[in-house]
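The structure under discussion appears below in the form of structure tokens.
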Amino acid sequence: MHTAILIIDDDLDIRESLRDMLTHEGYLVHDAASGTDALQQAKQMQYSAAILDINLPDLNGLSVLKVLMELDASLPVIILTGNATSENTSGSLAKGAFAYLTRPYNSQELKAVLRRAVSVKGLAVRAEHVEQALHASEERFRALVESATDAIVLADHCGHIIWWNGAAERMFGYD
């Protein structure tokens, strides 16, 4: 399975050079020339990372960043822009950008940041799967314990009762 990257930049030459470089690195690359197109693509597909320019023809890049984070809070978004201002830098990082790089960019640095971003996204996805599996396991355990005909009582290390099943309620006469 390929790792999907979304490139959002209105400059065709930049999109093509990034696409070529990242495709050569083994990534599946999608691109968008506008913020609207990027958000539409992000609603339809899960990406491992996004590379975003601040200056877009239709939407401000920081607005696009905000919506991308709302769609997928664990999506690492790398800002890659030629418009380096302290407001753009601090604003994008404060709004959740993974990294902020300026153009002209160093391809080795960009690839290293992207590898880290994809790795972080992978960890977030795995953590979410583990959390879902744990929740499902807890639900199965609760169903099993609740259906038991024997009284089951759980206590903490101090001996305080923290939970008991329906059979224990019926046996002791307490809710």
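Laboratory data are not the source of any read-out in this text; all were calculated from the coordinates shown. For clarity, every value in this text was computed on a predicted model and none was experimentally measured. Using ideal geometry, Cβ is built from the backbone for each residue, glycine included, and neighbour counts are taken over all protein chains shown.
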- Can you give me the number of residues within the range 6-43 that are closer than 16 Å to residue 60 by Cβ, in contact (Cβ under 8 Å) with a residue 40 or more places away in the chain and in a strand (DSSP E or B)? 1
- Residue, nearest to residue 81 (Cα to Cα), within the range 26-43, restricted to residues that are among the charged types (D, E, K, R) and either touching a strand residue (DSSP E or B) at 6+ places or on another chain (Cβ under 9 Å) or surrounded by 14 or more Cβ atoms within 10 Å (Cβ to Cβ) (or both): 31
- Task: Inspect the range 2-21 for any residue being small (Gly, Ala, Ser), surrounded by fewer than 19 Cβ atoms within 10 Å (Cβ to Cβ) and more than 22 Å from residue 116 (Cβ to Cβ) and give the result as yes or no.
- Result: no
- Task: Name the residue, out of 93, 56, 101, 68, that is in contact with a strand residue (DSSP E or B) (Cβ under 9 Å, 6 or more places away or on another chain), of a type outside the set (Asp, Glu) and within 21 Å of residue 21 (Cα to Cα).
- Result: 101
- Query: Looking at 133, 117, 124, which is the one that is touching a residue at least 60 places away in the same chain (Cβ under 8 Å) and under 27 Å from residue 72 (Cβ atoms)?
  - Reply: 117
